[in-house]
Ligand SMILES: *Cc1c(COP(=O)(O)O)cnc(C)c1O
């Protein structure tokens, strides 16, 4: 099932768009199944759950072997600053930097641990109040001071469209963040040399996101089925 779902997505997804398989709330065995079908990037949104899965799958077990050696873990959820140590040692990309405080703390953690952390800035793109993330002016203020964050590498933007069935509305959300992404790349070519990722698109809307310029889609349900919370 997982294998079939993945191969259907691989067939449709342009080869230059990365697939992040969102495995939150699904067991490690589901990740292994996807891994065996060729999937390598996985997204988790809860620090404890991610750390547990990393230890189980990406680190040597009692017999010394690693179950899934080359998984790339992305963190995609709200990250509290007291949980950085469960996430930052393992995440190759933190997609969900949604506050200045979090950004500062990630930078500090990077400095203290001699690491540069790859991040995406999460944008508030949907009309709803509930969505987290930065407004465009706020993000620009950060990028103007990008050199303050020596232990952070700004890799791009992440966003979630309005949770609606109206394709036009979703398309408008994605087009807006796509245009902002292009604008930022134009304005800060030297300050943000690695800014090349636009993470938009989930199970219900990823084809629309791809048309709006997505370089990375985050798909859970369409691969692993419904989550049981
Ligand atoms: C859960 C989640 C997804 C995946 O959602 P699906 O609709 O299951 O594909 C993508 N992005 C983020 C930030 C999520 O929390």
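The values are calculated or read from the model by the stated rules, or taken from the named source; none is laboratory data. Computed from a predicted structure; not experimentally measured. All Cβ positions, glycine included, derive from the backbone under ideal geometry; neighbour counts span all protein chains shown.
Would you be able to say whether some residue in segment 152-167 is over 18 Å from the mean Cα position of the chain (by Cα) and within 24 Å of residue 110 (Cβ to Cβ)?
Within segment 152-167, none of the residues are over 18 Å from the mean Cα position of the chain (by Cα) and within 24 Å of residue 110 (Cβ to Cβ).
Keeping to segment 1-53, report how many residues are in a loop (DSSP other than H, G, I, E, B), within 12 Å of the ligand (Cβ to nearest atom) and touching a residue at least 40 places away in the same chain (Cβ under 8 Å).
5
Tell me which residues, restricted to segment 154-212, are away from the ligand (no atom under 16 Å from the Cβ), in contact with a strand residue (DSSP E or B) (Cβ under 6 Å, 6 or more places away or on another chain) and under 17 Å from residue 124 (Cα atoms).
Within segment 154-212, just 181 meets the criteria.
Specify the residue that is farthest from residue 138 (Cα to Cα); the eligible residues are those in segment 90-114 that are touching a helix residue (DSSP H, G or I) at 6+ places or on another chain (Cβ under 8 Å) and not in a helix (DSSP H, G or I).
90
Looking at (1) assigned to a helix (DSSP H, G or I); (2) out of contact with any helix residue (DSSP H, G or I) (no Cβ under 6 Å at 6 or more places or on another chain), find the lone condition where residue 120 falls short.
Every condition holds for residue 120 apart from (1).
For residue 129, work out the one condition from (1) modelled with pLDDT under 95; (2) within 13 Å of the ligand (Cβ to nearest atom) it doesn't fulfil.
(2)
Do the conditions hold for residue 79, that is, is it closer than 19 Å to residue 118 by Cα, free of Cβ contacts under 8 Å to residues at least 60 places away in the same chain and touching a helix residue (DSSP H, G or I) at 6+ places or on another chain (Cβ under 9 Å)?
When the stated conditions are applied, residue 79 passes them.
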